[in-house]
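Worksheet: the structure to be examined is printed underneath.
The values are calculated or read from the model by the stated rules, or taken from the named source; none is laboratory data. Quick caveat, the model's predicted, so the values are computed rather than measured. FYI the Cβ positions are ideal-geometry reconstructions off the backbone, even for glycines, and counts take in every protein chain you see.
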């Protein structure tokens, strides 16, 4: 309800907003009373900026909920993440940088092995090497079905993504994976009327795959998680922004595309390369989302020191953004990934908003403790964009 | 909406949660800038625990609302208290430890006096002594109505509880109490179809009572607040917990039973006896609710020093819980009861959550001021359980 109201208040302006997302930024100390990863890192640039910024903590989904990066990003982008669900098939396609369109139904595929009797003997075909499954994907790409475009994309090991493109396809389908060995793969059924044709296509794909793969090491495939890309209100429409995304990994590029951002090509894979892309396109857009993955990778693998180093690497790049004189800077994460938990967690996420119009809290350092005392308080992540837009002079007064 | 979503995310685990409710915990200083009851109390154990915990303040119902213990408890137990109303009759039955079932309709009863013309002369029969009303209850227990079980329970002074047990009874009834003297008691009317039989039963009870009591000091009764026990989602179902409740007073035992807790017998009535019960059953359950009444009793009677002493008594028992090594500890209240107000109040309630996964705030002391600076912020009381369950490893990640 607030979302709909807010969108009516948005007005255009000649200002630039930069949103820097350190994936899994929030952390935990290794012992009670100790310092988190962010508090341990030596971050002179972040600290100086924090002192002149408003700080707070965000809740991505709700109290107690650890979130995946998909819903976590939708939330920090300003959406109710429980309203727009991104299905598993869509995530798989995003992950390999496939540009899902509105006519696409995506599914997650597994190469598997079946016996002569058709009974599953290995749901993952021994987790066959990616090099091998990439060759098998080439075989699947020869499948043709009338009136439909098919895309098969290798993922990793036994996994691939299948995308079926045709107008008006439903995605409410049962799955062919029985989830246990010793049973035959299941026929796929439509769960609603618009999905009947999709079910027929999926079963036809499976029948052709069985014939084509019969002499291969992995001689069958399983399909599950059928999903369309959710239709999400677009940034240019709702926030009157001309937005660009800078991210290396497919999934983040995909979520950015979902909300209507132009996804820029990065020449290289380092954070420095991402900042170079930012500098190069600075004049062309008025909103930049920049995604930094390493903080989450280290958090999930339990590498406390690695996460500290990743944050320090980020700090070293920060002056390059500030030299561009953005009107509003947001620095936060999509969720917490404390190294001590080796996983995403429910803990609120540090947030910094800088502009010449914020009430700067004057707090020392950018860390979880300082953010807990910040004037932005503990807020739903989707309230960040309204505050950023206001600081950018992009929100009209309500009422007289 | 979040509640329904959250329940789908709950998973089982081998962890134990202890929720300690100091009734009416929140207080007020006696003069501006002074210390509240909790801040005045000498609480070395609470203070040491607080330093390694996350602190915050809870809002039981909503801003500005002082709540009774029934809705206050539903809220801290994780429910929307405006969704599940506990009617006055049900509260009266709970208060005397009556085990209300799904077929029961409960009403609050008053002994009263009427003149020969049937006109009310005293709605409370001079607040007759409990000893006397207990004898009158014995007379009412002789009333028989076909096809119905009746229970009459003494409460205090002129009050009693009536419980009517039969399948499919409605509880939408008008009241017989005209709320003023100088009028006759009213006939009871059904306000919906399923309550027609209940209305007939209630009027028949009143007719028989009038005959039986005609020569007594209190020669009539009034009935009001007809209510069934609300059907509330059960802890084992929604939170996958095997929960136990430790409480002395009937009302708290009743609310705990309402949400699906096993109510344990306490051998004695002191807080030490309650902790002994906790120790005795520690291995049998994975969630414990322990209720401490004295803080509220002192608050409501305006006894500031008594409330301070009650908190110190609690502090002395706390090490007995910590010795059991619970995975998660919640210490809070169901509402505030500042001694200076001699009543329940709307003030947010101090909250402490301890586990090895919390971000410990390192704040000095457990009190209203420290809690106002805590990282848990100012939150609806019903968000406490989600956070506690997350800390107990009992919530699945959402999305990928």
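Listing for the model above:
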read-out	value
Count of region B:378-391 residues which are crowded, with 24+ Cβ neighbours inside 10 Å and not in a helix (DSSP H, G or I)	0
Out of A:143, A:139, sole residue that is modelled with pLDDT of 95 or more, touching a helix residue (DSSP H, G or I) at 6+ places or on another chain (Cβ under 6 Å) and surrounded by 14 or more Cβ atoms within 10 Å (Cβ to Cβ)	A:143
Unmet criterion (only one of (1) within 14 Å of another protein chain (Cβ to nearest Cβ); (2) crowded, with 21+ Cβ neighbours inside 10 Å; (3) not in a strand (DSSP E or B)) for residue A:84	(2)
Condition check for residue B:375: within 14 Å of chain A (Cβ to nearest Cβ) and in a helix (DSSP H, G or I)	no
Residue ranges of strands (runs of 3 or more DSSP E) in region B:158-273 with at least 2 members farther than 29 Å from residue B:13 by Cα and under 26 Å from the mean Cα position of the chain (by Cα)	B:159-165, B:220-227
Count of residues meeting criterion [assigned to a loop (DSSP other than H, G, I, E, B) and closer than 18 Å to residue A:32 by Cα] in region B:344-372	12
Residue check, residue A:31 within 12 Å of chain B (Cβ to nearest Cβ), more than 22 Å from the chain's Cα centre (by Cα), farther than 23 Å from residue A:377 by Cβ and modelled with pLDDT under 95	yes
Of all residues making up region B:55-70, the number that are buried (at least 22 other Cβ atoms within 10 Å of the Cβ) and under 14 Å from the mean Cα position of the chain (by Cα)	4
Number of the exception - residue A:226 against (1) buried (at least 21 other Cβ atoms within 10 Å of the Cβ); (2) without any contact (Cβ under 8 Å) to a residue 40 or more places away in the chain	(2)
Those residues of region B:379-393 which are facing chain A (nearest Cβ under 8 Å) and over 19 Å from residue B:16 (Cα atoms), in sequence order	B:379
Cβ pairs under 8 Å, 6+ apart, first in region B:1-14 and more than 9 Å from chain A (Cβ to nearest Cβ), second outside any strand (DSSP E or B) and exposed (fewer than 15 other Cβ atoms within 10 Å of the Cβ)	B:3/B:80; B:10/B:396; B:11/B:396
Considering residues of region A:41-70 that are part of a helix (DSSP H, G or I) and modelled with pLDDT under 95 only, the residue nearest to the other protein chains (Cβ to nearest Cβ)	A:70
Lone qualifier among B:347, B:335 - being modelled with pLDDT of 95 or more and surrounded by fewer than 24 Cβ atoms within 10 Å (Cβ to Cβ)	B:347
Selection status of residue A:170, within 14 Å of another protein chain (Cβ to nearest Cβ) and touching a helix residue (DSSP H, G or I) at 6+ places or on another chain (Cβ under 9 Å)	no
So residue A:226, is it within 24 Å of residue A:142 (Cα to Cα) and either touching a helix residue (DSSP H, G or I) at 6+ places or on another chain (Cβ under 8 Å) or modelled with pLDDT of 95 or more (or both)	yes
Yes/no for residue B:362 being more than 18 Å from the chain's Cα centre (by Cα), surrounded by fewer than 21 Cβ atoms within 10 Å (Cβ to Cβ) and within 13 Å of chain A (Cβ to nearest Cβ)	yes
Single residue of A:323, A:400, A:381, A:396 found to be out of contact with any helix residue (DSSP H, G or I) (no Cβ under 9 Å at 6 or more places or on another chain) and over 19 Å from residue A:42 (Cα atoms)	A:400
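Residues checked against (1) in contact with a helix residue (DSSP H, G or I) (Cβ under 6 Å, 6 or more places away or on another chain); (2) under 22 Å from residue A:354 (Cα atoms); (3) modelled with pLDDT under 95; (4) surrounded by 15 or more Cβ atoms within 10 Å (Cβ to Cβ):
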| position | (1), (2), (3), (4) |
| --- | --- |
| A:283 | no, yes, no, no |
| A:300 | no, no, no, yes |
| A:305 | no, no, no, no |
| A:308 | yes, no, no, yes |
| A:312 | no, yes, no, yes |
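Rundown of residues vs (1) surrounded by 21 or more Cβ atoms within 10 Å (Cβ to Cβ); (2) touching a strand residue (DSSP E or B) at 6+ places or on another chain (Cβ under 9 Å), yes/no style:
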{"site": "A:196", "(1), (2)": "no, yes"}
{"site": "A:212", "(1), (2)": "no, no"}
{"site": "A:218", "(1), (2)": "no, yes"}
{"site": "A:234", "(1), (2)": "no, no"}
{"site": "A:241", "(1), (2)": "yes, yes"}
{"site": "A:257", "(1), (2)": "no, yes"}
{"site": "A:269", "(1), (2)": "no, no"}
{"site": "A:280", "(1), (2)": "no, no"}
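Yes or no, residue by residue, for (1) more than 20 Å from the chain's Cα centre (by Cα); (2) within 27 Å of residue A:263 (Cα to Cα); (3) part of a loop (DSSP other than H, G, I, E, B); (4) touching a residue at least 24 places away in the same chain (Cβ under 8 Å):
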| residue | (1), (2), (3), (4) |
| --- | --- |
| A:105 | no, yes, no, yes |
| A:110 | yes, no, no, yes |
| A:116 | yes, no, yes, no |
| A:121 | yes, no, no, yes |
| A:125 | yes, no, yes, yes |
| A:132 | yes, no, no, yes |
| A:137 | yes, yes, no, no |
| A:146 | yes, no, yes, no |
